[in-house]
Structures are given as C-alpha cells and as structure tokens.
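Worksheet for the structure shown next.
The values are calculated or read from the model by the stated rules, or taken from the named source; none is laboratory data. Keep in mind it's a predicted model, so treat the numbers as computed, not measured. Methodologically, a virtual Cβ is constructed for each residue, glycine included, from the backbone with ideal geometry; neighbour enumeration extends over all protein chains shown.
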C-alpha cells in the first residue's frame, strides 16, 4: 500500500524531544478496509480499493451496498483505489492502519479539497491593491483595472487574474513530515497545514519527492 484515506481533525502544537513547539495537523488516518482487489487478469492492473468512514446503509444505493457488503464492515463514506504491485498478501475485509504504512520522520504528500470561498473579487482572490480612495476615484475602488490591450492581441489572454470562483478544488501539499503516529488512536501528526476544512477527507500518500 502506498497511502491511506483520513480525516482532518484540526491543528495543534506538538513538543518535540528538544522542547520546541511544532505546529501540526492532526489526521485520523484509517483504519481503511479492503473492499476490492483489482488484478491484471480481470482488470488489467493491480490495485486495492479501500473504504473509510461509516455511513448509514440506507443512504447508499443497492449496487454500492452489495459491493461494500463483501468486506463485511457495513457501508463506507469514501471509497478510493491505491495502486499496489502485489495484492496477494491482502484479503477482502482486512483493516489497514496508519502504523502499518507510516512512522515518525517519513515524508508524505497530503491531498484534500480546499475551503470554498464562492465567487470572490480580485482583492480577496488575488490580493490586488485596489484603486486610490480619493483623487477622483468614483465607484471603482475594488475593481481589477484594465484586462487587455488594443488591436493586439485583441482579446483577453488566458489565465488573466480576474474575479471568479475561488477554492473548493483538489489541492496537494508535497513532502511534508510525519511528526508522530499514534496507533492506539489511529492518529497522524503532520507538520504544518494541509488542505481542507476541519473534518474534511484527505488522502495521505508516500511522498515521491526527496
């Protein structure tokens, strides 16, 4: 396994052996239950589909209920696949915990859905400075200003910073440190901030960067 599904619980401080306070994000990492094994003969690739979090069975449609029932652990809130070189060592219904994959000092990548800010103006979205509060400025204080040229290029260039939808998108932070793993509570302490709001679902993978 290369990763786990978890839930962001919030941020706090962790005092390391040197007595220094380290800002950490607390993540409830697993336990994840193996729901399905993907194999080359049938699916063309090898992977494990795992479930995380509990959900009322009546809130899941019948096909999904039957699919999840094979694991014998009820309905899951989230299902996700992780590529695995060899799935033979795993069994349907097996639980995978944080301590099985990660330890203090490891480097991981954490992905989540960032906080949504709705339709935001250029000052909030891109930190524009706005226009002067006097010297003739009239009803144009928080606008973005000019957005294009004249005959060339005769259009607004792609990627122009303008007002629009901000947040609520997939964001990943790479190469962050695992400060501590607490197996008895299924908790991981990750140095610094990770994307998403409290109680948001995140995916933790081994970092591909050194």
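Filter the range 26-45 down to the residues that are modelled with pLDDT of 90 or more, closer than 16 Å to residue 98 by Cβ and in contact with a helix residue (DSSP H, G or I) (Cβ under 7 Å, 6 or more places away or on another chain) and list them by number.
Across the range 26-45, the qualifying residue is only 29.
Could you list all residues from the range 15-33 that are assigned to a strand (DSSP E or B), surrounded by fewer than 19 Cβ atoms within 10 Å (Cβ to Cβ) and in contact (Cβ under 8 Å) with a residue 60 or more places away in the chain?
22, 23
List the number of the failed condition for residue 80; all other conditions in (1) at pLDDT 90 or above; (2) over 19 Å from residue 28 (Cα atoms); (3) not in a loop (DSSP other than H, G, I, E, B) hold.
(2)
Report whether or not residue 109 is at pLDDT below 90 and in contact with a strand residue (DSSP E or B) (Cβ under 9 Å, 6 or more places away or on another chain).
It is false that residue 109 is at pLDDT below 90 and in contact with a strand residue (DSSP E or B) (Cβ under 9 Å, 6 or more places away or on another chain).
Select from the range 116-168 the residues that are part of a strand (DSSP E or B) and over 24 Å from residue 196 (Cα atoms) and write down the one among them that is nearest to the chain's Cα centre (by Cα).
Step by step, filter the range 116-168, then rank; the result is 153.
Pick out the one residue from 4, 9, 48 that is in a strand (DSSP E or B), surrounded by 13 or more Cβ atoms within 10 Å (Cβ to Cβ) and in contact with a helix residue (DSSP H, G or I) (Cβ under 8 Å, 6 or more places away or on another chain).
4
Would you point out which residue out of 104, 99, 109 is surrounded by 10 or more Cβ atoms within 10 Å (Cβ to Cβ), in contact with a helix residue (DSSP H, G or I) (Cβ under 9 Å, 6 or more places away or on another chain) and either part of a helix (DSSP H, G or I) or touching a residue at least 40 places away in the same chain (Cβ under 8 Å) (or both)?
99
Just to be sure before I move on: is residue 37 outside any strand (DSSP E or B) and either in contact (Cβ under 8 Å) with a residue 12 or more places away in the chain or closer than 21 Å to residue 172 by Cα (or both) in the structure I sent?
no
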